[in-house]
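The values are calculated or read from the model by the stated rules, or taken from the named source; none is laboratory data. Note that the structure is predicted; figures quoted are calculated from it, not measured. Note: ideal-geometry Cβ built from the backbone for every residue, glycine included; neighbour counts use all protein chains shown.
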Amino acid sequence: MKQLHIFIIYMSALLPASLWAEDVTLEPVQNRRPTERSLLVGAGKTNQLDTYLSPMEYTGVQVSVLVQRERMTHLADHHISFQSTFHGAFTSTDNPAGTAKYLGGRLAYDAGWHYHYSPLQNLDLKGGALVGADAGFLYNDRNGNNPAQGRFSLDLSLSAGASYAFRIKKLPLRAAYQADLPMMGIMFCPEFGESYYEISQRGVGHDIIFAHPGNAMNLRQLLTLDFCLRRVTLRVGYLCDIRQQNARSLKNHDVSHSFMFGFVRYFQLMKRKPHPQSLSIERGE
């Protein structure tokens, strides 16, 4: 009997909440565009050179993941968007003789703002700036002394892109392109012949230098095509990531070309709106 009383009290507490929920609807927030989130995975070819570890260029494969998020803000009458990008990559390359191997990893994050302009219908142009951080490593399985090289950089990049929406018969499509070019920042770069033991003794700060296009010419380009299949938006793309460094008598580059595939999701901010019938009841109509 006691359990029955507890059950009745519990249901009585839930009943008003359920009745209130039936009188409430959801509607999109005005002047708030959906947030776009995409997840891409890919694979491709990469060329690597790091004269700190070896004077030879290594070639192999790269597997990467790219996560992007973009939403429009209230700035400049809803013409400015905020974008964040996470890029992770793993590489495995061999020298021309096949006697040594590089294993490498990299994590990068960029965030910033773009101003959007639409000169034509369905055409969107954007330009802005990004702040990014990049960290990674490269390991040579043959070297006895200094078998690995660390990489780290912080930079400010110029960014520009364009997108165009169109249809082929009844299939909606959208093509987009974006290029990011770092202009200034700082990066880790040891001196030629300096061991990591010496770096630990002298401090890492000694090997942090100013980075600019003259000694660190980097460029990331992403070309994508979105298409809808039923209620799912799929994305295919091409990612070209070029990272070069020439400072303190050391040269390195990491050039990759990857085919990307994934999906896109849109999230709309909603707000509660009382049902008209519930308003009339409250007014006594």
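Write out, first by first residue and then by second, each pair whose Cβ atoms fall under 6 Å of each other, whose residues are 6+ apart or on separate chains, and whose first residue, in segment 138-164, is within 27 Å of Ile199 (Cβ to Cβ) and of a type in the set (D, E, K, R) while the second is assigned to a strand (DSSP E or B) and modelled with pLDDT of 90 or more.
Asp141/Lys101; Arg151/Gly136; Asp155/Gly132; Asp155/Pro182; Asp155/Gly185
Going by what's in this entry, would Gly127 be described as over 30 Å from Thr99 (Cβ atoms) and touching a strand residue (DSSP E or B) at 6+ places or on another chain (Cβ under 7 Å)?
yes
Among the residues of segment 104-120, is there at least one that is hydroxyl-bearing (Ser, Thr, Tyr) and without any contact (Cβ under 8 Å) to a residue 12 or more places away in the chain?
Checked segment 104-120: at least one residue is hydroxyl-bearing (Ser, Thr, Tyr) and without any contact (Cβ under 8 Å) to a residue 12 or more places away in the chain.
Wholly within segment 1-116, which strands (runs of 3 or more DSSP E) include no fewer than the required count, namely at least 2 residues that are surrounded by 10 or more Cβ atoms within 10 Å (Cβ to Cβ) and modelled with pLDDT under 55?
Ranges flagged: 24-28.
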